[in-house]
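S.K.: This is the structure I want to talk about, given as structure tokens.
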């Protein structure tokens, strides 16, 4: 059994104490109350890109290095 610990999760000015077994689990617990996620439809992608949105790559190694340095 993995031991849980208390994590401090901050979103903007709000701070949350979350009992979890990992940082990822603690963040997921707060994130599920703040956001939703689903596959995008092609017309949604087209419309958002026409409005100036860009596609972020979650597996981008440069982004991961920036997160680790923060």
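S.K.: For every helix of n ≥ 4 consecutive DSSP H residues, a contribution of -39,500 (n - 2.57) applies; sum these over the chain, divide by its total residues, and give [θ] at 222 nm rounded to the nearest 500 deg cm²/dmol. List each step's numbers first, then the result.
M.R.: On the way: 3 runs with 30 residues, N = 70.
Calculated from helices alone, the mean residue ellipticity at 222 nm is -12500 deg cm²/dmol.
S.K.: Go ahead and collect, in residue order, the members of region 21-35 whose backbone nitrogen is under 16 Å from a label point 7 Å along the Cα-Cβ direction of residue 13.
M.R.: none
S.K.: So, one more: Mind listing the Cα extents of region 5-69 along all three principal axes, in Å, largest one first?
M.R.: So the extents along the principal axes, rounded to whole Å, are 43, 27, 22.
Any read-out appearing in this document is the output of simple, stated calculations on the displayed coordinates, not a laboratory observation. Remember, it's a predicted structure, so these values are computed and weren't measured experimentally. Note that each Cβ is placed from the backbone with ideal geometry, even for glycine, and that neighbours are counted across all protein chains shown.
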